[in-house]
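Novice: Take a look at this one; I'll ask things after.
Where a number appears in this text, it was derived from the coordinates with a stated rule and is not lab data. What you see is a predicted model; the values in this text were computed from it and never measured. Methodologically, a virtual Cβ is constructed for each residue, glycine included, from the backbone with ideal geometry; neighbour enumeration extends over all protein chains shown.
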Amino acid sequence: MKKMLSKEEIKVVLEKLDERFPDAKAELNYTNPFELLIATILSAQCTDVQVNKTTSVLFQELKTPEDYIKLSEEEIGKRIKSCGFYKTKGKNILETCRLLMENHNSQVPDTMEELTKLPGVGRKTANVVLSNAFDIPGIAVDTHVFRVANRIGLADSKNVLDTEKDLMDNIDKQIWSKAHHLLIFHGRRICKARKPLCDICPIREYCFYYERDVQE
């Protein structure tokens, strides 16, 4: 049984999603690469809406790695508690700031290799930063991208890394970043985890999930 759409079908799917979500973009608020890095670390298992509420206050007070490093883990934790897992995130943020100061002149690096050496920064977070802060093509596979890509047929993988590889193979590099945002918007607004809104989906005629589990 066919498990993935053809590259031409995937191109059409993304064009249709672009028509539906012409404003698809990063929904975390930031003004520079460092703010985006901190916001993305905070976004793990937390909504962008909640992160933005937290950083609207946090970023007014703390603007550089040097600002963070002056605080203790407990003091950082109080400021980010609403984002969940604040002890781990606070520890990772402080260590990340220390490494940025020691190894990168307090600047956020612009390579996957260097970014993923930072605590709390995996490929997903690194791709978000590279794509949005440095305009380097990348596909960050979060829970929405993983679910939607494999549900529709843009990928056929059991894990995040293989899904990223499938998407990179099946989508033109120059639109990797746009595709990432389109899949997130689609996942949040239509292709929801528990009950996808197939009746209003603009790409259901291409979707394996709709063909297999909804129509039958």
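Novice: Cut-off under 20 Å on the C-alpha distance; same-chain residues fewer than 8 positions from K11 excluded. Which lysines are left, in chain and number order?
Specialist: Of all the lysines, those that pass the test against K11 - Cα under 20 Å, at least 8 places apart if same chain - are K2, K3, K25, K165, K173, K178.
Novice: Expressed as a rounded percentage, what relative contact order does segment 109-216 have, with Cα pairs under 8 Å and six or more residues apart?
Specialist: On the way: 118 pairs, mean separation 22.9, N = 108.
Across segment 109-216, relative contact order equals 21 percent.
Novice: About the Cα centre of the chain, how large is the charge dipole given +1 on each Lys and Arg Cβ and -1 on each Asp and Glu Cβ? Please answer in debye to the nearest 20. Provide the component values of the computation, followed by the final result.
Specialist: Values: 33 positive and 33 negative charges, 146 e Å.
Roughly 700 debye, rounded to the nearest 20.
Novice: While we're on this one: What FRET efficiency comes out for the pair S56/R188, r = Cβ-Cβ distance, R0 = 22 Å, nearest 0.05? Numbers along the way, then the final one.
Specialist: Working: r = 20 Å, r/R0 = 0.93.
The calculated FRET efficiency here is 0.60.
Novice: Exactly which trypsin sites (Lys or Arg not before Pro) in segment 24-85 are in a DSSP loop and have at most 14 other Cβ atoms within 10 Å? Intermediate results must be reported in sequence, preceding the final value.
Specialist: Details: sites: K25, K53, K63, K70, K78, R79, K81; in loops: K25, K63, K70.
Sites meeting the loop and neighbour criteria: K25, K63, K70.
Novice: Is the shape of segment 33-134 best called rounded, prolate or oblate, per the rule: a/c under 1.5 gives rounded, else a/b larger than b/c gives prolate, else oblate, with a ≥ b ≥ c the square roots of the Cα gyration tensor eigenvalues?
Specialist: Numbers: a/c = 1.58, a/b = 1.20, b/c = 1.32.
Because a/c hits 1.5 or more and a/b fails to exceed b/c, segment 33-134 counts as oblate.
Novice: Under a 5 Å amide H to amide H cut-off, with H placed in plane at 1.01 Å, what residues pair with A155 once short-range neighbours are removed?
Specialist: It is N150, by chain and number.
Novice: Excluding K81 itself, calculate the net charge of residues whose Cβ lies under 14 Å from the Cβ of K81, where each Lys or Arg counts +1 and each Asp or Glu counts -1.
Specialist: Numbers: positive: K53, K78, R79, K87, K89, K91; negative: E73, E74, E75.
Computed value for this residue: +3.
Novice: So what is the calculated 222 nm ellipticity per residue for the chain, using -39500 (n - 2.57) for each DSSP H run with n of 4 or more, over all residues, to the nearest 500 deg cm²/dmol? Intermediate values should be presented prior to the final figure.
Specialist: Working: 11 runs with 120 residues, N = 216.
It comes out at -17000 deg cm²/dmol, rounded to the nearest 500.
Novice: May I ask you to list the aspartates and glutamates whose Cα is less than 12 Å away from that of K16, ignoring any residue fewer than eight positions away on the same chain?
Specialist: E205
Novice: Aspartates and glutamates near K87 by alpha-carbon distance under 13 Å, same-chain residues fewer than 8 away left out - which ones?
Specialist: Output for K87: E73, E74, E75, E95.
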